[in-house]
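The values are calculated or read from the model by the stated rules, or taken from the named source; none is laboratory data. Bear in mind that the values here come from a model prediction, so they are computed numbers and not experimental data. Heads up, the Cβs are rebuilt from the backbone with ideal geometry, glycines too, and the neighbour counts pull from every protein chain shown. Only protein heavy atoms, including side chains, enter the accessible area calculation; ligands, DNA and RNA are left aside. Shrake-Rupley method; radii C 1.70, N 1.55, O 1.52, S 1.80 Å.
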Amino acid sequence: MEGRCAVETWAQFGFSGGSYKVKILCGFGTDVLICTGTEEIYVFSKRERKITTVLLLPAAVNDLVGNQDKQLIYVACRSGVYRVNLQFLLHRDQSSQADASSSPAELKISQECLVVGADEVSSLLLVGSVLLTLCQRDASWLLTLYKTPKQTASTSHKEFGSFNLPVVSAVDCGAAESNRGPRKGSVLICIHSGDVEASSPSNASAESTVAQDHFHLEPLLFKLLFGVEAALAKSPVILCGLPDGRLCFLPLRLPGSCLRVLHSLEQPVCFVGASVVTETGHAQCLVAAGEQGRVALIKTDKAGPEGGSAVAAFTEGCVPGPVWCGCMDKSCFYYSTGADLLRLDLLEGSFARESKERGEETSGMTAAALQSPSSLNVCRVIALAEPACSTAAGDVQLLGVSARGQLQRICLPAGRVDEGSSKLPSTQVSRSVRDLLSAIGDVCERASVLKTVIKSKNQFLRLLNHAVSVSFLLMADTTTDLPIKEKPIRCHFETSWSRLLQKDSLSLVCFLHNSSPFVLERGWMLSITVSPLSYSSSPAGESSSTNFSFPFHDLRPGQTFEASLPIAAAGDASFPMTVSCSLIFSLSSLLGEEEVAASFAGLQSSCISLPLSTLTVDWLHALQLNSPTATHKMATVQPSSAAADSIQTFLSSRQLRCSGRTNRGGESAAKPEPEKYSASVWVSSEIVRDTLKPKKSSNLDAKESIRDPEDLCLSLLERLLSEDTEGVKMGCQGDKIALSTSVAHARGPNGAAMKLSVKEINVGEEESTDKEATIEVQIESSSLAAVCGLHHAVLRRIQTLLQSATEKAASTKNVQILGLRRALQRAEIQQSQISGAFGEVVSTVQRDRLLLSVYQELRRNPLLIV
Amino acid sequence: MYQPPSLLEKWSQENNELVNKCKQQEAGGGAVSQDHRQSSLRWCSSEFHKLLRKIQGIPPHVDHSQLELAVVYNTCVCFTAQSQFSEAELLLKEATERVLQVTGNNADTSDPLVLWRAGLKSAGNTALHPHVLYLLCLQWALWLAKCQLENIGELQEQMSSLCEIVCDGVGDGSPSEAKGRLSKSPLLVMEPKRLTELLQICTSIAQGAEKLNEGRSSEALSDLQAASALPATRALVAYTHLLSGSCLAHMNRPQMALQCYKKALETDSRCVCALYRSMLIYRQLGNTQAEIQALRLLHSTLMLPPATEPVLGGIQPLSPSLLLSSQSLSRLLSVPSALSVLYSLALKCVLSGRVTEGVEHYLDLLAALHSEDQHAVDAEVSVLPRMPELYLEAGTALLFTRRPADCMAFCNEVISTTLELVPEKVVLEEPEEGIGGDARGLSVEGEDKVAMLLWAAAAYLVQGHCHAHLKDWKQAVTHYTRCINLLVKVHLKNRDFQPQIPAADVNVKHGKDLCTLQRMKGLSLAWRGISFTQMDQLREALRDLQLSLQAFPDYTGAGLWCGEVLWRLGRKHEAAACWEKTWSLTTQTSVEKLPLYLQDPQSGPLLDSVELRLRIQELGLT
């Protein structure tokens, strides 16, 4: 760390993206021209410290060269080369400047300024009165020479020669279109032999055109590289670096010369220059830098391998980082990697070699010098230039354009020599402190940006890790088949009726319990799909499923997430319905849309879905029990009382039969009797007892309560109504206590009143004596759909009851379960027929016939479950 | 049924508009740049092509075939003018096939000759016939441009009948009813008559060049002389004269050839080639004065600014240069660049004794090479010697004109450029048959080193001559010594290599290098000896002169001076023998083949052979 450099921002200009070839052109008095690859060229006045003029060209600018003498610039655009007379423009500009205030004047360059009509010229060079253009045509690079007119007024530029060089297939490393850094272009510079302007006065004009792209090379090296003839002809040599890595040269004034390859960097050439200037003003080292950091130093090796004569020594090495741009001063090569501005001291290498004796070490030393460029701590510089006039001796100033579109003056610390001088005037101290602070600010800004990027990446990685762990956990569940209670992430549901705006609606509350060690964070979502179980029900609507999703914010381990979703308002739902829930992890919600789009284009819509459970909400879940209190309040609707139950039941069932026969024509006629249809399920009370026992084993008085048949019926009913099967539970807890009789009155989800009664009867007497007591579960309702639905639900419950029963007599039970399953299927078919009948708008007669047939089928199959 | 006629009208109107636009651009295009002309041509051809696609979109039909063929003609002219020959040829082929379809014939051949014959036959005497002929003209032009002269020969009779019909029938004096028909017919970009005329003379020229190339000069001559009477532009007529001249020169009739060249120049004053050819003939005849005159004229003509591009074929889309692209012709028409002409002029002047003039030309040449206007434009292999050689020659010429100071400046320039690069040791290998191309590739750099060394040595040699001229013998010895020191750095690879100059293969590069080396050794040693003689260091002088004779036995100066030194040393009989031996050497290597700077300096002390003979006689008497 030799010192710090001061960065002073001079101007800020509109700048879109950093993927263009940016070029700074100095040397027009106090004006600096900057082209940014867009249609605009900015003219910055150092005296006024602001952008005075903006030149607007017809197309995007590729390159820019100038002739200080005549105050002319040539601009290579997509559509051709334009010539702009700066003096004229700026003069006009100044006259108008008087009234116009601070905003820069905008000057449109018209088509009249077009001097060469070649498109896509990638580089320009002006050598004396010759304008050279380099462009790629089909399969060859074309270097074309134009004669510029002596009088600035005339616009005719005569082409008088061109040179071809076939394109070789692109270098591989460069083919992977670098999306960072400036766009690849070609480099065109002019090399003069050092002794030329001294010896021939005719080349006086060459002196004035010497600019950034003209170098004077030491005569010996010049001869070694380009031949004696070029030196004798006093010919300048054009050196061009191509995107395929080749470095070609052309002696401009030698008759019969052609474009020849000098060297190949094997990566796009982005800078060529000469440095290590001696007192005589001749550069001793030719430097070419490739885009990926390969640098070739070309010097004279006084001690050639054969001994005696000198040879040109090519030293190749790699400097760290991509080279975005570069510039030269008398002894150093400065380049920007985007992240930093680096200085490569070329003098150091040559000193080292002089002190060493000849041998292999010399090239090693130079290569070592290449390895250690010193950092100058200026970041994001995309174009560099050394202004023609440096202020104080030993003080190097560079002009840079940053990726943010700022024109910066970069003052480098003075060389190693005057490091010892510690006494500085106070103004200088304050200035250097200011510089230091600004440098710190710059670095700090960069650091904080990097920090946030790292942080967000870490966060993202952690989330992804969690996601993978959670999915692994859930996948393991499905394979091991744990009971639902022991799953690490499980959910159960509760149904509840609520009344809102005079309308009852059933809602399903989902509880998701997270007992896994992971937090379910941003990106996770609970998705619940509700679809009717019987798809055949009606083709018109309702068959489609409904999807709900709830994003989690932060569900910590041990917490429960609660979500309630409306299933149906009273009257318009088709039960039973399947509810399946799953956890979804989506990358896009985690990263944000644009980031996903940017980095994982393929993942945009993808997400991971992990199924949690699938369950069925049936009629029993959806029942709206009429609690005693409720019945009291609306006694008019249900005049039943506990005492009268058995009689009532009997009567009504008789009635039902009668009415079923008499009132075939339609339900509407049978208004006075609300319960018209009934269905029943008979279960052996022994089994019921057996199955209910283990459930209630926690109770001390389980045995007794179950002995009592009355109790048995009650507990079965209780079980039917409130048992949480497969995680679905009926929500009305309060009614449970009130359930004192074995008869329950309720309203179904479609609003139909219904009665569910459980009692013990003896069936055995009629058929075989050894049959024991049977429990009959009877369903009665005026609505056929309700009866069927409830019947189906009761059967399902009993099926699960039986499944959970202790394995006593496996064989017989299997038979029973088979029978039960058949009955269940039948019930489902019936139900679908019923809903089909209601769904289709057919004649009432037809519908009734259909309903009746279902009913009869129901009646025909009393079920005894043993 | 209104549709077809209206479409036809629309199309022909479109065609006519395009043709008019084209002609306007051509007419106004005299001043605009080549670029502009090219782009307007491109535009025209694409527009014509678009129109043609529209027309060809419907099946061929007699009603609009005429228009279609006219548009094909226009499109092809534009394509050919842009050198898009294959596109034009394809269009022509399609057009003939469509003509065959219209007339109900079917030719399933891809051979263009057969196709054309069938097309012409089927068009027969219908209204389509002239249009088919126009297309044939274009095919002719294409073949000519692609140098497929044999195809043109195959269809010779059709071509000649075509010429008759096109030139007589369409050009002038056509019956009024034909004119009436013509006024209705669609416009054409280029008049077929003019195209045919152009084609005729161009074909004659191309065929003449081809025959000349094959050695059938007399046959070519009669054809060309017939062609010179054809109506054409001056430039083309001049070409026929020029080629006739070449035929005559080939037939060893230089005076008649000169007459032809003169006629060519009279016809077209810009026919530089004729001037060049005349110069070659003067050179062949040994008429140096005339040759120098011709060279001077040639140079000044070449230096004229090509102000107005000679418009060869008038303002026409098809230029004669497009049709005359055969290699044998361009070889015949090629003229060296102004610089190499200037070089020949300078060298010729110096060699023929007009040294002062020659020096001026040398200086002009160097100034031209150093001027900013000089650029490496001519891709043709330069006949100029390499830069250091040019410097040395100029220097020697200056010495001839007794300007030793200027000469030394030139030599200094060469030395300062090359000396740094001269290696300590260089190996000159004997050229062997066995070593192939790769060995040569390896030795490119080494070869360059040898050249470098030889240049530096030659520069010292010439500087030595300068000092000898100034009678500064000490300095002369110093410079000759430097030259010798450089020359001994060259090691010959083949040890038992004969130091004799292999006269047969002097042209081989290494042989040439070797020859130069030996001659330079001989010269420098001899002249150091002479210098020593002047300083009365006779023993050193004798050693050097004898060494010189070893290195280069043919050098008479060394032999004579060797005798002189022997004489002065009192070894008179040896001296006489040495002189006799030297006079007996008659194999004087031709001075002209040697570079100027390796020739014997014309200044310095001289020995008079007559006086020497007198001495021998005296010796014999005593």
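Just need a number here: residues in region A:39-91 that are part of a strand (DSSP E or B) and open to solvent by 40 Å² or more (accessible area, probe 1.4 Å).
Of region A:39-91, the ones part of a strand (DSSP E or B) are A:40-45, A:50-56, A:61-67, A:72-77, A:81-85.
Okay, now just the ones that are also open to solvent by 40 Å² or more (accessible area, probe 1.4 Å), so A:40, A:50, A:85.
The qualifying residues number 3.
Can you name every residue in region B:459-479 that is more than 17 Å from B:T418 (Cα to Cα) and either surrounded by 17 or more Cβ atoms within 10 Å (Cβ to Cβ) or without any contact (Cβ under 8 Å) to a residue 40 or more places away in the chain (or both)?
Step one: list which residues in region B:459-479 are more than 17 Å from B:T418 (Cα to Cα), which gives B:464-478.
Within region B:459-479, B:G464, B:H465, B:C466, B:H467, B:A468, B:H469, B:D472, B:W473, B:Q475, B:A476, B:V477, B:T478 qualify.
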Item to check | Boolean, B:S244 is assigned to a helix (DSSP H, G or I) and open to solvent by 60 Å² or more (accessible area, probe 1.4 Å) | outcome: no
Item to check | Qualifying residue in region B:378-386 (condition: out of contact with any Lys or Arg (no Cβ under 6 Å at 6 or more places or on another chain), in a helix (DSSP H, G or I), modelled with pLDDT of 80 or more and open to solvent by less than 50 Å² (accessible area, probe 1.4 Å)) | outcome: no
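For region A:226-244, which positions are more than 10 Å from chain B (Cβ to nearest Cβ) and surrounded by fewer than 24 Cβ atoms within 10 Å (Cβ to Cβ)?
Step one: filter region A:226-244 for residues more than 10 Å from chain B (Cβ to nearest Cβ), giving A:226, A:237, A:239-244.
Scanning region A:226-244 gives A:P243, A:D244.
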Checklist entry - What is the one condition in (1) at pLDDT 90 or above; (2) more than 12 Å from chain A (Cβ to nearest Cβ) that B:S352 does not satisfy? => result (1)
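Tally time: how many residues in region B:264-283 are part of a helix (DSSP H, G or I) and of a type in the set (D, E)? Working first, answer last.
Kept after step one, since they are part of a helix (DSSP H, G or I), are these residues of region B:264-283: B:264-267, B:272-283.
Filter once more, keeping what is of a type in the set (D, E): B:266.
Within region B:264-283, residues that are part of a helix (DSSP H, G or I) and of a type in the set (D, E) number 1.
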Checklist entry - (1) in contact (Cβ under 8 Å) with a residue 24 or more places away in the chain; (2) within 14 Å of chain B (Cβ to nearest Cβ); (3) not in a strand (DSSP E or B): which one isn't true of A:L250, the others all being true? => result (3)
Item to check | Residues located in region A:454-476, provided they are open to solvent by 60 Å² or more (accessible area, probe 1.4 Å) and free of Cβ contacts under 8 Å to residues at least 40 places away in the same chain | outcome: A:I454, A:K455, A:S456, A:K457, A:N458, A:Q459, A:L461, A:R462, A:N465, A:V468, A:F472
Next on the checklist: Step by step: first the residues of region A:101-120, then only those that are within 14 Å of chain B (Cβ to nearest Cβ) and modelled with pLDDT of 80 or more, then the one that is surrounded by the fewest Cβ atoms within 10 Å (Cβ to Cβ). Which residue is that?
Outcome noted: A:L114
Checklist entry - Could you give every pair whose Cβ atoms fall below 8 Å, whose first residue belongs to region B:84-112 and is basic (K, R), and whose second residue is not in a helix (DSSP H, G or I), counting only separations of at least 6 or pairs across chains? => result B:R98/B:P60
Checklist entry - Would you pick out the residues in region B:117-145 that are over 18 Å from B:V77 (Cα atoms) and assigned to a helix (DSSP H, G or I)? => result B:R117, B:A118, B:G119, B:L120, B:K121, B:S122, B:A123, B:H129
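Just checking, how many residues over region B:120-165 are aromatic (F, W, Y) and farther than 30 Å from B:Q327 by Cβ? Reasoning before the result, please.
We begin by selecting, within region B:120-165, every residue aromatic (F, W, Y); these are B:134, B:140, B:143.
With farther than 30 Å from B:Q327 by Cβ added as a condition, the list becomes none.
Residues flagged as aromatic (F, W, Y) and farther than 30 Å from B:Q327 by Cβ within region B:120-165 amount to 0.
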Item to check | Residue that is nearest to the other protein chains (Cβ to nearest Cβ) [pool: residues in region A:255-273 that are closer than 19 Å to A:V167 by Cα and part of a strand (DSSP E or B)] | outcome: A:R260
Next on the checklist: Within region A:477-485, does at least one residue satisfy the condition of being modelled with pLDDT under 80, assigned to a helix (DSSP H, G or I), open to solvent by less than 40 Å² (accessible area, probe 1.4 Å) and within 30 Å of A:S609 (Cβ to Cβ)?
Outcome noted: yes
